[in-house]
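Read the structure below first, then the notes.
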Amino acid sequence: MDFLQQILNGLVLGSIYALIALGYTMVYGIMGLINFAHGEVTMIGAMVTITVLGVLANAGVDLPGAVMVLLALMVAIPVCMLLGFTIERVAYRPLRNAPRLAPLITAIGLSIVLQNLAILIWGRNYIPFPPLLPHDSVNIFGASITVLQVVIIFLAIAIMVGLLLMVEKTKLGRAMRATSQNPAVAGLMGVNVNTVISMTFVIGAGLGAIAGVMVAANYDQAHSHMGFLIGLKAFTAAVLGGIGNLGGAVVGGILLGVIESLGAGYIGDLTGGFLGSHYQDIFAFMVLILVLVFRPSGLLGERVAERA
Amino acid sequence: MSLLEVKKLEVAYGGIQAVKGIDLHIEQGELVTLIGANGAGKTTTLKTLVGLVKPKSGSISYDGNDCTKIPVHHFVSKGLSLVPEGRGVFSRLTVEENLRMGAFYRNDPNAINAEIEHVYELFPRLKERYKQLAGTLSGGEQQMLAMGRAILAKPKLLLLDEPSMGLAPIIVQKIFEIVKMISQQGVTILLVEQNAKLALEVSDRGYVMESGKITMSGPAQELLHSDAVKKAYLGE
Ligand SMILES: Nc1ncnc2c1ncn2[C@@H]1O[C@H](COP(=O)(O)OP(=O)(O)O)[C@@H](O)[C@H]1O
Ligand SMILES: [Mg+2]
């Protein structure tokens, strides 16, 4: 397996992980909570997109593939945003002052509920993502990457830059950072803390929806269980980068994608053929364990953040 | 009509009664101090005034309105600002971002920029450090930042919770000068302090709080010379 090829594959995977990891890290940053239902939001983003594409095709809409996908995203993103908003209101807000374990349990419960809801709606089988996007390959120094994958990487980068600028430069971003540091004082400054928290969930869910569609388009399929694994990996990426730190989520996501891809590429050689590339998933969890043991604050994370 | 009128206010944390039925009033333009020992209920009183803690019973009227049911984030736009105990600066925001948070509810960017410059004139130390994270400032600088941030909120009634706590005497002097200056500009102030002498010296009136109750009140000069206050709070 060619090294450069693995790096390219890793970058594609990594930029998707990064988008999802941002959702985990934003929510953690603002309320110290792991929103384990976030992976499910990603899955629902993919599922809704495929459904809308089916509806469009049935209605005889015949536009260029990219436009069709964009139209479907225009439905999937708001659906996921509404879902993110609802998740916070239903599962977390009533537990705002409860012990930390309580929202963790509702998060896992909610994740199961959403997964089963998806099974009710979309069944248990893999659903194909319609072949609307260009899968032609481009050659870069002997490694190949599809046009779609190039688009995924650049779109992810554009979205992440946009998010970082919003958080660093706008009034809403400043309010989000202030709320994450000291919600009571942010309230005294006139920040409606509930609104800021809702916005955080909504933005994270929107990013998750886009990432879900990227996954489905890249692998040509989606599945009602896909949210669990991808969510856990993105969570790993967030922890690797330093949970609560936006730049950390980006770095952690891309790094994890590359580690996983290189690992899958070389695991056969490393184990003398004993383990094959389908063991790809073990790398994410090895990373998670190693980080939690040796550097729980992550690569860019500070020591446990102070809270008022 | 008083700017602030508190009647029979009681506040409890679970079973612990922290404020046990106090009355106080503050007139437009006054500088009033609330002194008392640690644990007397001063911070709780201030927190209740801005909605951070809900009262058990009693009434609070500010500017003629009942404000026991208003959400915390609405107070600042009504002209009520609290500089909390321990300053409450956002440690991972820069000095300038902290000041801008003070003006969060406002939508007049030009005036805000001008007032930030004004705060920098008042506290040149903050200007030198405007890009620094607030958490890297000294305690005195953080207190200046917290007061500057409160100025940006354009309060009618400013509540200060122990602004001198933990600061060197020379910085305390500076902080009290600023309190007086803000007061002279027409802002009504309720100053909570353990440093009773300094607080009474700058104030018009004072209240003394002991275990959740107001035990004495009157013109600051009278309190300053009363034997009870001298004995309990001035160490004379
Ligand atoms: N969050 C809280 N939970 C329980 N008790 C509290 C809390 N905050 C303050 N108290 C108690 O209320 C009383 C008054 O405290 P406080 O208002 O902070 O006094 P002061 O500011 O005068 O030192 C004290 O007995 C204190 O222990
Ligand atoms: Mg206090």
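The values are calculated or read from the model by the stated rules, or taken from the named source; none is laboratory data. Since the structure is predicted, the reported quantities are computational estimates derived from the model, not experimental observations. So basically every Cβ, Gly included, is an ideal-geometry build from the backbone, and we count neighbours across all protein chains shown. Each accessible area value is taken on the protein alone, full model and side chains, heavy atoms only, with ligands, DNA and RNA left out. Shrake-Rupley method; radii C 1.70, N 1.55, O 1.52, S 1.80 Å.
So for chain A, averaging the separation of alpha carbon pairs under 8 Å that are six or more residues apart and normalising by length, what relative contact order in percent results?
That works out to 36 percent.
When the dipole is taken about the Cα centre of segment B:89-142, and only Lys, Arg (+1) and Asp, Glu (-1) are charged at their Cβ, what size is it in debye, to the nearest 20? Intermediate results must be reported in sequence, preceding the final value.
Working: 7 positive and 8 negative charges, 43 e Å.
It works out to roughly 200 debye.
In a shell of Cβ-Cβ distance under 13 Å around B:THR68, excluding B:THR68 itself, what net charge do Lys and Arg (+1) and Asp and Glu (-1) give? Present the calculation step by step, with values, prior to reporting the outcome.
Details: positive: B:LYS7, B:LYS8, B:LYS47, B:LYS54, B:LYS56, B:LYS69; negative: B:GLU5, B:GLU10, B:ASP66.
Once all neighbours under 13 Å are counted, the net charge is +3.
Please compute, over every Cα-Cα pair in chain A, the percentage with a separation greater than 25 angstrom.
Cα-Cα pairs in chain A separated by more than 25 Å: 49 percent.
Could you work out, for segment A:192-304, what percent of all Cα-Cα pairs fall into each 5 Å distance bin, beginning at 0 Å and stopping at the bin that holds the largest distance?
So the P(r) values, bin by bin, are 2, 11, 15, 20, 19, 16, 9, 4, 2, 1, 0, 0.
Wrap a convex hull around the Cα atoms of segment B:144-186, take a quarter of its surface area, and give that in square nanometres.
Values: hull surface 11.6 nm².
Mean projected area for segment B:144-186: 2.9 nm², to one decimal.
How shielded is B:73-82 by partner chains, expressed as the average number of their Cβ atoms within 10 Å of its Cβ atoms?
Details: counts 11, 3, 3, 5, 1, 1, 0, 1, 3, 3.
Mean shielding count: 3.
Could you check the spin-label model distance between B:ALA228 and B:ALA114? Points 7 Å from the Cα along Cα→Cβ, value in nm.
In this crude label model, B:ALA228 to B:ALA114 measures out at 4.8 nm.
Between B:MET1 and A:PHE294, what is the FRET efficiency for a Förster distance of 56 Å, r being their Cβ-Cβ separation, to the nearest 0.05?
Working: r = 64 Å, r/R0 = 1.15.
Once the sixth-power term is evaluated, E becomes 0.30.
Work from the charge dipole of segment A:2-294 (Cβ charges, +1 for Lys and Arg, -1 for Asp and Glu, about the Cα centre) and give the residue of A:LEU255, A:MET68, A:GLY23 farthest towards its positive end.
A:GLY23
What percent does the relative contact order of segment B:1-77 come to when contacts are Cα pairs within less than 8 Å and at least six residues apart?
Relative CO of segment B:1-77 lands at 37 percent.
Quick check: from the Cα gyration tensor, does segment B:89-142 come out rounded (a/c under 1.5), prolate or oblate? Working shown, then result.
Numbers: a/c = 2.45, a/b = 1.44, b/c = 1.70.
It comes out oblate by the Cα gyration axes.
Note down the nm distance, to one decimal, between modelled labels 7 Å out along Cα→Cβ at A:ILE108 and at A:GLN221.
That separation, rounded to one decimal, is 2.9 nm.
So, in nm, how far is label A:GLU168 from label A:LEU82 when the simple model puts each one 7 Å beyond its Cα toward the Cβ?
The answer from the label model is 3.5 nm.
At 1.4 Å probe size, with the rest of the protein present, what percent of the exposed accessible area of segment B:39-196 is carbon and sulfur atoms? Each step should come with its number before you reach the end.
Working: 3210 of 6170 Å².
Reported share for carbon and sulfur atoms: 52 percent.
Can you give me the solvent accessible area of A:LEU155 with a 1.4 Å probe, rounded to the nearest 10 Å²?
80
Return the Rg/Rh ratio of chain B with Cα-based radii and a Kirkwood Rh.
Details: Rg = 17.3 Å, Rh = 18.1 Å.
My calculation of the ratio gives 0.96.
Can you list the HN-Hα couplings for segment A:254-268, worked out from phi with the Karplus curve (6.51, -1.76, 1.60; θ = phi - 60°), rounded to whole Hz and with x for Gly and Pro?
Values, residue by residue: 5, 4, 5, x, 5, 4, 4, 5, 4, x, 5, x, 10, 4, x Hz.
How long is the gain from A:ALA59 to A:ASP2 if the chain were fully straight, where each residue apart is worth 0.36 nm and the alpha carbon distance is subtracted?
Values: separation 57, 0.36 × 57 = 20.52 nm, distance 4.41 nm.
Gain on extension, A:ALA59 to A:ASP2, equals 16.1 nm.
How high is the FRET efficiency between A:LEU71 and A:SER144 when r is their beta carbon distance and R₀ equals 35 Å, given to the nearest 0.05?
On the way: r = 29 Å, r/R0 = 0.83.
With R0 = 35 Å, the Cβ-Cβ based efficiency is 0.75.
What 222 nm value per residue comes from the helices of the protein assembly as shown, counting each DSSP H run with n ≥ 4 as -39,500 (n - 2.57) and dividing by all residues, nearest 500 deg cm²/dmol?
Numbers: 20 runs with 302 residues, N = 544.
My calculation for the protein assembly as shown gives -18000 deg cm²/dmol from helical runs alone.
Over segment A:125-181, what number does the Rg to Rh ratio reach, with both radii from the alpha-carbon atoms and Rh per Kirkwood?
Working: Rg = 18.1 Å, Rh = 14.5 Å.
The Rg/Rh ratio comes out at 1.25.
Pairs of alpha-carbon atoms within less than 8 angstrom and 6+ residues apart define the contacts here; what relative contact order does segment B:124-209 have, in percent?
Values: 54 pairs, mean separation 24.8, N = 86.
For segment B:124-209, the relative contact order is 29 percent.
Please give the per residue volume of the convex hull enclosing the alpha carbon atoms of the protein assembly as shown, rounded to a whole number of Å³.
Working: hull volume 100.8 nm³, N = 544.
Taking the convex hull of the Cα positions in the protein assembly as shown, it is 185 Å³ per residue.
Ordered by residue, what ³J(HN,Hα) values in Hz, to whole numbers, does segment A:196-207 give under the Karplus form 6.51 cos²θ - 1.76 cosθ + 1.60, where θ = phi - 60° and Gly and Pro are x?
For segment A:196-207, the Karplus-derived couplings read 4, 5, 4, 4, 4, 5, 5, 5, x, 5, x, 5 Hz, x marking Gly and Pro.
Hey, can you find the accessible area per residue of the protein assembly as shown for me, probe 1.4 Å, expressed in square angstrom?
Working: 23650 Å² over 544 residues.
On a per-residue basis, 43 Å².
Given the whole protein assembly as supplied and a 1.4 Å probe, what does the accessible area of B:LEU3 come to in Å², nearest 10?
Estimated to the nearest 10 Å², B:LEU3 gives 10 Å².
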